[in-house]
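Everything below concerns the one structure shown next.
The values are calculated or read from the model by the stated rules, or taken from the named source; none is laboratory data. What you are looking at is a predicted structure, and each value in this text was computed from that prediction instead of being measured. Cβ coordinates were reconstructed from backbone atoms using ideal geometry, including for glycine residues, and neighbour counts include every protein chain displayed.
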Amino acid sequence: MGFVVILVVLGVGAGWLLNENKHEVTIEPVHEVSNEYKFINPLLFIKIPESESPQLQSIKSAFVNYANKVEADKKVNQISIYYRDLNTSQWVGVNTDVTFSAASMLKVATLITVLRVTQTEPTLLSKTVLIQGKPDAITQDFHPPKNPIKIGYEYSVNTLIEHLIEQSDNVANRALQKIVGDDAIEKTFKDLELPLGTVGDEDIYTAREYSHLYRALYNATYLSREDSEKVLTLLSQTDFDDGLVAGVPEGTVVSHKFGERNLPPSEFKELHDCGIVYYPEHPYFICVMTEGYDYDIQTKIISDISRIIWDKVDKMYQQ
């Protein structure tokens with residue numbers, strides 16, 4: 001019965017596909033990859049044909065115009081923009097097949113994995129661990145943690161989680177991944193159909209693929225409702241307010257994660273910001289991925305795009 005209800009709801013959200021194209025739409029359910037369950041087959045999210053919504057062409061046009069301008073002005077080398085209405089699943093984007101490094105945005109997957117493990121190890125969050133090893137080889141030059149996790153000190157897993165998301169701490173990320181293990185991390189990636197790259201093979205993520213994390217969280221289909229709420233609450237408290245957050249009215253809740261990458265010998269810097277903007281009654285997912293030359297310029301571009309989207313959505317729903 002539950003699956004039927006989901007399909008009915010999806011049919012409402014995807015109705016524009018049926019009405020516009022006048023043919024049957026193939027709907028693909030994505031289930032958890034697991035041998036753990038004997039009597040259930042958990043549904044994670046629904047995949048519908050990836051064609052853009054004709055109802056959102058004003059947003060699309062604004063994207064294209066802005067992207068063409070900043071690329072022509074050499075402010076960025078390339079840019080990808082992906083917008084998705086979380087209530088209807090309608091979406092539009094620019095360069096949505098271009099791949100980037102998700103970088104620190106994958107810390108969301110780390111947190112999701114930790115909370116999945118707590119389902120069978122409920123005392124894990126209060127467990128205290130000693131942080132060992134050497135300082136992270138990948139420096140955080142653009143937006144470093146204000147209060148970083150320190151090698152040689154003890155922290156609770158719960159504290160590591162807070163630093164992981166709110167301050168994007170690399171040491172916390174490495175410690176948490178070690179605690180849950182590679183197999184658990186890989187399971188999250190496989191379940192949510194995220195590319196699983198190796199060192200030197202980071203530029204493999206599209207903005208559309210990265211949306212899988214937030215769609216699973218918003219619909220509470222992978223974690224429990226309580227844990228999904230916890231993750232999105234933490235993401236609304238990140239201390240990076242210069243990207244998506246800067247483009248929406250003050251006080252608007254935005255659950256998001258930024259990512260930066262600047263690895264020689266590449267001349268380019270990557271800066272991204274992706275997440276859920278809680279526009280009243282019409283929350284939407286927005287992901288802006290940029291490859292450019294200057295973090296400050298890329299930050300301004302992300303905030304400009306966020307502002308463009310907010311204004312378009314506001315105009316659409318205020319009519």
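The residue that is farthest from Arg116 (Cα to Cα), counting only those in the stretch 190-207 that are surrounded by fewer than 18 Cβ atoms within 10 Å (Cβ to Cβ) and touching a residue at least 24 places away in the same chain (Cβ under 8 Å), is Asp203. Within the stretch 210-218, none of the residues are among the charged types (D, E, K, R), at positive phi and in the same structural domain as Val253 (by TED's automatic domain parsing).
Could you tell me whether Glu20 is modelled with pLDDT under 70 and acidic (Asp, Glu)? Yes. Restricting to the stretch 279-307, and then to whatever is aliphatic (A, V, I, L, M) and touching a His at 6+ places or on another chain (Cβ under 9 Å), can you tell me which residue is nearest to Gly247 (Cα to Cα)? Only one residue fits best here, namely Ile302. Taken together, the criteria place Leu217 among residues that are in contact (Cβ under 8 Å) with a residue 60 or more places away in the chain and either closer than 20 Å to Gly259 by Cβ or not in a loop (DSSP other than H, G, I, E, B) (or both). Scanning the stretch 253-304 for residues that are among the polar types (S, T, N, Q) and in contact with a Lys or Arg (Cβ under 6 Å, 6 or more places away or on another chain) yields a total of 1. Being basic (Lys, Arg) and at pLDDT 90 or above, is that true of even one residue in the stretch 32-50? No.
Yes or no, residue by residue, for (1) polar (S, T, N, Q); (2) touching a strand residue (DSSP E or B) at 6+ places or on another chain (Cβ under 6 Å); (3) in a helix (DSSP H, G or I):
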| site | (1), (2), (3) |
| --- | --- |
| Ser89 | yes, no, no |
| Val98 | no, yes, no |
| Met105 | no, yes, yes |
| Pro148 | no, no, no |
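The residues in the stretch 190-220 that are more than 18 Å from Val98 (Cα to Cα), at pLDDT below 95 and hydrophobic (A, V, I, L, M, F, W, C) can be counted, and the count is 4. In summary, Lys146 fulfils each of the numbered conditions (1) crowded, with 18+ Cβ neighbours inside 10 Å; (2) within 20 Å of His256 (Cβ to Cβ) with the single exception of condition (1).
Selection of the stretch 161-189 for residues being without any contact (Cβ under 8 Å) to a residue 60 or more places away in the chain, surrounded by fewer than 23 Cβ atoms within 10 Å (Cβ to Cβ) and not in a helix (DSSP H, G or I) yields only Gly181.
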